[in-house]
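Scroll down for the structure; my scribbles are underneath it.
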Amino acid sequence: KQEVTQIPAALSVPEGENLVLNCSFTDSAIYNLQWFRQDPGKGLTSLLLIQSSQREQTSGRLNASLDKSSGRSTLYIAASQPGDSATYLCAVGSSTPLVFGKGTRLSVIA
Amino acid sequence: NAGVTQTPKFQVLKTGQSMTLQCAQDMNHEYMSWYRQDPGMGLRLIHYSVGAGITDQGEVPNGYNVSRSTTEDFPLRLLSAAPSQTSVYFCASSRGLAFEQYFGPGTRLTVT
């Protein structure tokens, strides 16, 4: 059974700092990995999708990497801003629909 | 193109009542799924469908029923609501398991 773990559970950083969020998964037989953002009381916004054959994806200040063999992904956020404050969820797609981690709650302090 | 829509946005039920959460997508996606989100538990898969007429159970299927008669719609039925089903419910769709999943805005359900 696939299990997805996100570390840390919560993170507080000053504005402007570069930061890394971590995601690990137990079964490397995946199709893809997707990073989402969720604001309090809101739905999920898809940030990046990495296919199993890819090593990384970039969108603006966000860069996600995937090391399938070691079961790890990282989400790098450059020059963080208070508007980046949210919960970030990692989810792995394989032979069933997505399996989610519990998320990292990020606070960026102005 | 509305994407994935869910109704209602909010619902309060009494224990034992039944109801149907609606989910529709207009992207002609074959795959649709239902998740519930609880504090400290993340999102967990309830049921999913790989096409019209085909459904399967996820991690937490007990107390929920689904059917898929059309490509567009994937309703989730609560047969006899229990307080443990208080949660936020999200519906998602995609072209397939190897493709990006698109999520609806969610339904916040409270069972008293």
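Just so you know, all these numbers are worked out from the coordinates, no wet-lab data involved. Everything numeric in this text was worked out from a predicted model, so none of it was measured. Cβ sites come from the backbone with ideal geometry, for glycine too, and all protein chains shown count toward neighbours.
In segment B:26-51, whose amide N lies under 20 Å from the spot 7 Å out along Cα-to-Cβ of A:THR45? List them in ranges. Only B:43 pass the distance filter. Straight-line cross-link reach from B:LYS9 at under 28 Å between alpha-carbon atoms covers these lysines, not counting any fewer than eight positions away in the same chain: A:LYS42, A:LYS102. A cut-off under 11 angstrom between Cβ atoms defines the neighbours of A:ASN32, and their net charge, with Lys, Arg +1 and Asp, Glu -1, is 0.
Restriction of the GluC sites (Glu not before Pro) in segment A:1-105 to DSSP coil positions whose beta-carbon has at most 16 other beta-carbons within 10 angstrom yields A:GLU3, A:GLU15, A:GLU17.
Could you compute how fast segment B:56-103 diffuses translationally, taking Rh as the Kirkwood radius over C-alpha pairs and applying Stokes-Einstein at 10 °C with viscosity 1.306 mPa s? Give it in µm² per second. The partial results should precede the final answer.
Numbers: Rh = 12.6 Å.
Answer, rounded: 126 µm²/s.
Could you estimate the translational diffusion coefficient of the protein assembly as shown from the Stokes-Einstein equation, with Rh from the Kirkwood formula over C-alpha pairs, at 10 °C and 1.306 mPa s, in whole µm²/s? It diffuses with D of about 89 µm²/s by this estimate. Highest GNM mean-square fluctuation among A:ALA29, A:ALA64, A:ALA91, for chain A modelled with Cα contacts below 10 Å: A:ALA29.
If the chain between B:ASP56 and B:VAL12 were fully stretched, how many nm would it gain, using 0.36 nm times the residue separation less the Cα-Cα distance? Don't jump to the answer; show the numbers that get you there.
Values: separation 44, 0.36 × 44 = 15.84 nm, distance 2.71 nm.
Full-extension gain reported as 13.1 nm.
For chain A, calculate the relative contact order in percent as a whole number, restricting contacts to Cα pairs under 8 Å that are 6 or more residues apart.
Computed value for chain A: 37 percent relative contact order.
Among residues other than B:GLU72 with Cβ under 12 Å from its Cβ, the summed charge is -2 (Lys and Arg +1, Asp and Glu -1). Counting Cα-Cα pairs of segment B:15-108 in 10 Å increments starting at 0 gives whole-percent bin shares of 17, 53, 26, 3. Taken along its three principal axes, the alpha carbon spread of chain A comes to 41, 27, 20 Å, from the longest extent down to the shortest. Of the residues B:VAL88, B:VAL60, B:VAL50, the one that moves most in a GNM of chain B with alpha-carbon contacts below 10 Å is B:VAL60. Neighbours of B:PRO39 by Cβ distance under 12 Å: Lys/Arg scored +1, Asp/Glu scored -1, total +2. Computed from the Cβ-Cβ distance with R0 of 45 Å, the FRET efficiency linking B:ASP26 to A:SER107 stands at 0.80. Among the trypsin sites (Lys or Arg not before Pro) within segment A:12-72, those in coil by DSSP and having at most 15 neighbouring Cβ atoms inside 10 Å are A:LYS42, A:ARG55, A:ARG61.
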